[in-house]
1. Quickly run through segment 1-28 and pick out the residues that are surrounded by 14 or more Cβ atoms within 10 Å (Cβ to Cβ) and closer than 18 Å to GLU57 by Cα.
2. For segment 31-52, what are the residues that are among the β-branched types (Val, Ile, Thr) and without any contact (Cβ under 8 Å) to a residue 24 or more places away in the chain?
3. Residues in segment 29-50: is at least one charged (D, E, K, R), at pLDDT 95 or above and open to solvent by less than 50 Å² (accessible area, probe 1.4 Å)?
4. Within segment 51-64, can you find the residues that are under 12 Å from the mean Cα position of the chain (by Cα), open to solvent by less than 90 Å² (accessible area, probe 1.4 Å) and among the aliphatic types (A, V, I, L, M)?
Amino acid sequence: MTRTALCIGINDYPGTGSDLAGCVNDAEDWRRALDGLGFDRTTLMIDRQATRAAIIEQMTAIVA
């Protein structure tokens, strides 16, 4: 069985004035923790990489 994770952290919400702090750091921490637990593949998507289309694409790849 392959253990796979998708870690997403979005701090930057352009044009909204609603930026967050710490989400990217949390996603990076989760990725390191899961790698340390022996996960076979952990994918990290942060800020502008984490578009709706890119997230759906990664999720589809994981369950395929």
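1. Residues satisfying the conditions are THR4, ALA5, LEU6, CYS7, ILE8, GLY9, ILE10.
2. THR51
3. Within segment 29-50, one or more residues are charged (D, E, K, R), at pLDDT 95 or above and open to solvent by less than 50 Å² (accessible area, probe 1.4 Å).
4. Within segment 51-64, ALA54, ILE55, ILE56 meet the criteria.
The values are calculated or read from the model by the stated rules, or taken from the named source; none is laboratory data. Remember, predicted model here, so these are calculated numbers, not experimental data. Because the Cβ atoms are built from the backbone with ideal geometry, glycine has one as well, and the counts that use them run over all protein chains shown. For accessibility, only protein heavy atoms count, side chains too; no ligands or nucleic acids. Shrake-Rupley method; radii C 1.70, N 1.55, O 1.52, S 1.80 Å.
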